[in-house]
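Structure, as structure tokens:
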């Protein structure tokens, strides 16, 4: 599985973008661990809320996106 992460300048300065990207990477690492997603390419896009959202909600959002992507 390949993953990509993006955070635009709309999120804020470099510190805010890096924080959002780090949080998204960790949430994806924990959420995707143990899943068989061979041959899958994911691109996760940081939004304004990514840096402030509670971590549990961030992980739940990734779960929801994966569930909807399988439909």
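Is segment 42-53 home to any residue that is touching a strand residue (DSSP E or B) at 6+ places or on another chain (Cβ under 6 Å), under 22 Å from residue 1 (Cα atoms), buried (at least 17 other Cβ atoms within 10 Å of the Cβ) and modelled with pLDDT under 95? Yes, segment 42-53 has at least one match. The residue of segment 9-28 that is surrounded by the fewest Cβ atoms within 10 Å (Cβ to Cβ), among those that are touching a residue at least 24 places away in the same chain (Cβ under 8 Å) and part of a loop (DSSP other than H, G, I, E, B), is 10.
Does residue 31 fit the bill of being crowded, with 16+ Cβ neighbours inside 10 Å, in contact with a helix residue (DSSP H, G or I) (Cβ under 9 Å, 6 or more places away or on another chain), in a helix (DSSP H, G or I) and in contact (Cβ under 8 Å) with a residue 40 or more places away in the chain? For residue 31, the condition - crowded, with 16+ Cβ neighbours inside 10 Å, in contact with a helix residue (DSSP H, G or I) (Cβ under 9 Å, 6 or more places away or on another chain), in a helix (DSSP H, G or I) and in contact (Cβ under 8 Å) with a residue 40 or more places away in the chain - is not met. Summed over segment 44-70, residues that are more than 22 Å from residue 18 (Cα to Cα) and in a loop (DSSP other than H, G, I, E, B) total 1.
Against the conditions (1) surrounded by 12 or more Cβ atoms within 10 Å (Cβ to Cβ); (2) on the phi > 0 side of the Ramachandran plot, residue 63 satisfies every one except (2).
The values are calculated or read from the model by the stated rules, or taken from the named source; none is laboratory data. Keep in mind it's a predicted model, so treat the numbers as computed, not measured. Neighbour counts run over all protein chains shown; Cβ positions are idealised from the backbone, glycine included.
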